[in-house]
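A short worksheet on the structure shown next.
The values are calculated or read from the model by the stated rules, or taken from the named source; none is laboratory data. What you see is a predicted model; the values in this text were computed from it and never measured. Neighbour counts are summed over all protein chains in view; Cβ atoms, including those assigned to glycine, are modelled from backbone coordinates with ideal geometry.
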């Protein structure tokens, strides 16, 4: 199956390393990856502003992957959640008809053929090819929110997720138990409550520092939020970490 | 009303835990029983921790509905307006364009820590905003759905900024 890489809006700046390292890993694995002209998923902000616009934005992304017969693989849990949520809504024939009426104005049509994956769901199938050499680093796996919640859109059991730790262990990392693994990074507070933003990120960093040398992330916003507050613990997207450790 | 006031949503809430002004149980009660809107609904972190509601009230969805209705009434926080307009004009959330739009609407953010973090990684944080290839198609989607309704001017956005959300 061909894969359409959906890096999300942060890939141009704050999520640059995560997006690039994910793409590089997929290419090293010999996967057939293309990068179509995707638009913003809109997030809940556009959804609350205008539901039909939000639905059409997501339907357009799904439709352009359909055109090239690709499945979508994304690094961003918010994009992942929005695409999946839109797909569920568009199973309703009336909604689909309405949205296709809008997409007709840009010569696109949504049918529902494309599947959506988060990059960890894809890479976990290739752990035997992603083994690292240096196994001394103690890490914690940090999920954040939207990859797990709400449960109907998440990739694992939100009460006790294992997928990320299991992946890192199979690759060769020493993964410590992390109490704050599915707590919220407070990323949205950057815009609504700057003081709260700092306190939220600090509580996650402090929890991680007790047990590990490094926090591994799978969300560009979590990565950025923790990174700008952290002063004494490494915070790194999981794909960058694997690439770096394989080079050593 | 399905909610029996157990407060699980509030105990689990990321935002309530850092700022006691935000109480989703109380906000929902006043909204569902009295139709009262709370400006604090914008402080929700969208973390979905409230999914554990034993009565399946879906607090997140109720707060989301409240925000939608406030937007319909024209009470739009500056960051929401800047986000939507950036997507509309650029096809994606170009981060530089977003911060410029925020500043223009009177919401100045201290971006120095953001810029220095990116610089450490060798990334230029301030780029010339660049429209994605699909920008025209995205503007068209907005135009078709919203009809010919004119985008509200920056001034009216300023007036509509809700107090309680730092701007």
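Scanning segment A:5-20 for residues that are surrounded by fewer than 22 Cβ atoms within 10 Å (Cβ to Cβ), more than 9 Å from chain B (Cβ to nearest Cβ) and part of a loop (DSSP other than H, G, I, E, B) turns up nothing.
Within the option set A:133, A:138, being surrounded by fewer than 21 Cβ atoms within 10 Å (Cβ to Cβ), touching a residue at least 60 places away in the same chain (Cβ under 8 Å) and touching a strand residue (DSSP E or B) at 6+ places or on another chain (Cβ under 7 Å) holds for one residue only, A:138. Checked against (1) within 17 Å of residue A:239 (Cβ to Cβ); (2) more than 8 Å from chain B (Cβ to nearest Cβ), residue A:67 meets all criteria but (1).
Only one of B:98, B:37 is under 24 Å from residue A:39 (Cα atoms) and either free of Cβ contacts under 8 Å to residues at least 24 places away in the same chain or surrounded by fewer than 20 Cβ atoms within 10 Å (Cβ to Cβ) (or both); which? It would help to see each step written out before you state the result.
Numbers: B:37 fails: under 24 Å from residue A:39 (Cα atoms).
Selected residue: B:98, the only one of B:98, B:37 that is under 24 Å from residue A:39 (Cα atoms) and either free of Cβ contacts under 8 Å to residues at least 24 places away in the same chain or surrounded by fewer than 20 Cβ atoms within 10 Å (Cβ to Cβ) (or both).
Does residue A:206 qualify as being buried (at least 18 other Cβ atoms within 10 Å of the Cβ) and out of contact with any strand residue (DSSP E or B) (no Cβ under 9 Å at 6 or more places or on another chain)? No: the conditions fail for residue A:206. Only a single criterion out of (1) modelled with pLDDT of 95 or more; (2) on the phi > 0 side of the Ramachandran plot; (3) more than 7 Å from chain A (Cβ to nearest Cβ) is not satisfied by residue B:122, namely (1). Can you tell me which residue is nearest to the other protein chains (Cβ to nearest Cβ) among those in segment B:43-61 that are surrounded by fewer than 24 Cβ atoms within 10 Å (Cβ to Cβ) and under 16 Å from residue A:48 (Cβ atoms)? The extreme case among them is B:46.
Tell me, yes or no, whether segment A:30-45 has at least one residue that is crowded, with 18+ Cβ neighbours inside 10 Å, on the phi < 0 side of the Ramachandran plot, within 11 Å of chain B (Cβ to nearest Cβ) and not in a loop (DSSP other than H, G, I, E, B). Yes, segment A:30-45 contains at least one residue that is crowded, with 18+ Cβ neighbours inside 10 Å, on the phi < 0 side of the Ramachandran plot, within 11 Å of chain B (Cβ to nearest Cβ) and not in a loop (DSSP other than H, G, I, E, B).
For segment A:149-178, a tally of residues being out of contact with any strand residue (DSSP E or B) (no Cβ under 9 Å at 6 or more places or on another chain), part of a loop (DSSP other than H, G, I, E, B) and surrounded by fewer than 24 Cβ atoms within 10 Å (Cβ to Cβ) returns 8.
Condition test on residue A:23, is it more than 9 Å from chain B (Cβ to nearest Cβ), under 25 Å from residue A:238 (Cα atoms), under 17 Å from the mean Cα position of the chain (by Cα) and surrounded by fewer than 22 Cβ atoms within 10 Å (Cβ to Cβ)? Before you say what the answer is, go through the steps one by one.
On the way: more than 9 Å from chain B (Cβ to nearest Cβ): yes; under 25 Å from residue A:238 (Cα atoms): yes; under 17 Å from the mean Cα position of the chain (by Cα): yes; surrounded by fewer than 22 Cβ atoms within 10 Å (Cβ to Cβ): yes.
Yes, satisfied.
The residues listed here are A:183, A:195; of these, the one that is buried (at least 20 other Cβ atoms within 10 Å of the Cβ) and either in contact with a helix residue (DSSP H, G or I) (Cβ under 6 Å, 6 or more places away or on another chain) or within 9 Å of chain B (Cβ to nearest Cβ) (or both) is A:183.
Take the conditions facing chain A (nearest Cβ under 7 Å) and at positive phi and apply them to residue B:91. Does it pass? When the stated conditions are applied, residue B:91 passes them.
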